[in-house]
Amino acid sequence: MLEFLVAHGYLSLFVVSFLAATVVPLGSEWLLVALLTEGLHPGLLLASATTGNVLGALTTWAIGVWGGPFLMERVLRIDPRAQARARSVYRRWGSWSLLLSWVPVIGDPLCLVGGLFRIPFFRFTFLVLIGKLGRYAFIVAMVNAVV
């Protein structure tokens, strides 16, 4: 399987990074490291991983935006007053938490909540991009320092 992923380099990293940013329990860092050690271009790998991961996060955000009422009322059973209060607090302070969208376990729910509370598209994308680009750039720098 690794041979297949390495053979398809940038595309496989994009796809794995996209899936890793949705509710699929997958990580993409291992593939980034493997492709870096295979000698693929670090800048293109950084762009591929970041683009896939941000688009995956936007997919999760969209699920929150368009599936929000169903999730809030039917699945989570949160009453409208509590929803309004939580939305107000999150809009004022919580959107900065999207800088942590790269963190395993909490990152995907943060993106979903961003959609549930209708964080504007450009604000969401900017904050998520900073967090995810920073994480991948750190990995690229560490691998390049070692290899």
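Which of the numbered conditions does V75 fail, given that it passes all the others? Conditions: (1) at pLDDT 80 or above; (2) over 27 Å from E29 (Cβ atoms).
Result: V75 fails condition (1) only.
For the structure I just gave you, tell me whether L31 is open to solvent by less than 30 Å² (accessible area, probe 1.4 Å), more than 15 Å from the chain's Cα centre (by Cα) and within 16 Å of W102 (Cβ to Cβ).
In short, yes.
Of the residues in the range 40-60, how many are in contact (Cβ under 8 Å) with a residue 12 or more places away in the chain and farther than 20 Å from F124 by Cβ?
From the range 40-60, those in contact (Cβ under 8 Å) with a residue 12 or more places away in the chain are 40, 42, 44-46, 48-60; that's our starting set.
Going one step further and asking which of them are farther than 20 Å from F124 by Cβ, we end up with 40, 42, 44-46, 48.
Within the range 40-60, residues that are in contact (Cβ under 8 Å) with a residue 12 or more places away in the chain and farther than 20 Å from F124 by Cβ number 6.
Could you please let me know if S48 is among the hydroxyl-bearing types (S, T, Y) and under 29 Å from H8 (Cβ atoms)?
Values: among the hydroxyl-bearing types (S, T, Y): yes; under 29 Å from H8 (Cβ atoms): yes.
So S48 passes the test.
Kindly indicate the residue of the range 101-115 that is more than 9 Å from the chain's Cα centre (by Cα) and at pLDDT 90 or above and also surrounded by the most Cβ atoms within 10 Å (Cβ to Cβ) among those meeting that condition.
So the residue we want is G114.
For the list (1) in contact with an Asp or Glu (Cβ under 8 Å, 6 or more places away or on another chain); (2) open to solvent by 70 Å² or more (accessible area, probe 1.4 Å), I need the number of the one condition that I139 fails.
(2)
How about the range 1-55: which of its residues are of a type in the set (D, E, K, R), part of a helix (DSSP H, G or I) and over 29 Å from L112 (Cβ atoms)? If you could, list the steps in order and put the result at the bottom.
So in the range 1-55, the residues of a type in the set (D, E, K, R) come out as 3, 29, 38.
This time we only want the ones that are part of a helix (DSSP H, G or I), so: 3, 29.
Listed by number, the list holds a single entry, E3.
Which one is modelled with the highest pLDDT among residues in the range 1-28 that are open to solvent by 80 Å² or more (accessible area, probe 1.4 Å) and within 13 Å of the chain's Cα centre (by Cα)?
The extreme case among them is P25.
Quick check on the range 67-86: of everything there that is in a helix (DSSP H, G or I) and aliphatic (A, V, I, L, M), which residue is least open to solvent (accessible area, probe 1.4 Å)? Lay out the reasoning, then the answer.
Applying the first criterion (in a helix (DSSP H, G or I)) to the range 67-86 yields 67-75, 80-86.
Those still in the list that are aliphatic (A, V, I, L, M) too: 71-72, 75, 82, 84, 86.
Values: L71: 40, M72: 8, V75: 85, A82: 26, A84: 56, A86: 41 Å².
Among those that are in a helix (DSSP H, G or I) and aliphatic (A, V, I, L, M), it is M72.
Just checking, how many residues over the range 35-66 are at pLDDT below 95, open to solvent by less than 30 Å² (accessible area, probe 1.4 Å) and over 18 Å from the mean Cα position of the chain (by Cα)?
Count: 0.
If the requirement is being surrounded by 12 or more Cβ atoms within 10 Å (Cβ to Cβ) and not aromatic (F, W, Y), which of these qualifies: V128, V89?
Working: V89 fails: surrounded by 12 or more Cβ atoms within 10 Å (Cβ to Cβ).
Testing whether each residue is surrounded by 12 or more Cβ atoms within 10 Å (Cβ to Cβ) and not aromatic (F, W, Y) leaves just V128.
The values are calculated or read from the model by the stated rules, or taken from the named source; none is laboratory data. Here the structure is a predicted model, which is why all the values come from computation and not from measurement. All Cβ positions, glycine included, derive from the backbone under ideal geometry; neighbour counts span all protein chains shown. Side chains included, ligands, DNA and RNA excluded: accessible areas come from the protein's heavy atoms. Shrake-Rupley method; radii C 1.70, N 1.55, O 1.52, S 1.80 Å.
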